[in-house]
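Peer 1: Would you mind keeping the following structure in view while I ask a few things?
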């Protein structure tokens, strides 16, 4: 990995939590993302106030927590500006274009999950649709989910 890619990753890591409007010092209102969502492959993602559970169609569920994420786990609910996210994947112009197309508004309700060295930002598009933006070692991906 070259130095400029490492710098972009460092900037992304610094910007994402800062781009989110969270509720320090007080209990945030319940997030509209809470509940069960499904991927096109019928895998479920269950958002709780304090955890995210990934339930594949076949096989055991996994609850993301500090114990499951090499001691590095963070779950934040709030609102996030999309400009830093859409600009984050310079080595993947197809992904940048897809994010710009999928995220026309300047901000969205989000759940931002860090687990180990990777993370996922879930952006609620409307009451029934969400996208997940995966990031791991400078590589990103997008998946669409629907509310169950």
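Any read-out appearing in this document is the output of simple, stated calculations on the displayed coordinates, not a laboratory observation. Predicted model only: the values in this text are computed from it and were never measured. No Cβ is skipped: glycine too gets one built from the backbone with ideal geometry, and neighbour counts run over all protein chains shown.
Peer 1: Sticking with the crude label model, points 7 Å out along Cα→Cβ, report the distance from residue 117 to residue 144 in nm, one decimal please.
Peer 2: 3.2
Peer 1: Which shape class, rounded, prolate or oblate, goes with region 28-148 when its Cα gyration tensor gives a ≥ b ≥ c as root eigenvalues, a/c under 1.5 marks rounded, and past that a/b bigger than b/c marks prolate?
Peer 2: Verdict is rounded for region 28-148.
Peer 1: Let me ask something additional. Which shape class, rounded, prolate or oblate, goes with region 65-132 when its Cα gyration tensor gives a ≥ b ≥ c as root eigenvalues, a/c under 1.5 marks rounded, and past that a/b bigger than b/c marks prolate?
Peer 2: Because a/c hits 1.5 or more and a/b fails to exceed b/c, region 65-132 counts as oblate.
Peer 1: Assuming 0.36 nm per residue, please report the length gained on full extension of the stretch residue 40 to residue 105 beyond their Cα-Cα distance.
Peer 2: The residue 40-residue 105 span can extend by a further 21.0 nm.
Peer 1: Here's something else I'd like to know. To the nearest 0.05, what FRET efficiency results for residue 53 and residue 137 with a Förster distance of 25 Å applied to their C-beta separation?
Peer 2: My answer for the efficiency is 0.55.
Peer 1: Return 50, 117 ranked ascending by Cβ neighbour count within 10 Å, so the fewest neighbours appear first.
Peer 2: If I rank by nearby Cβ atoms, fewest first, I get 50, 117.
Peer 1: Taking neighbour counts of Cβ atoms within 10 Å as a proxy for exposure, in what order, fewest first, do 131, 139 appear?
Peer 2: Result, fewest neighbours first: 139, 131.
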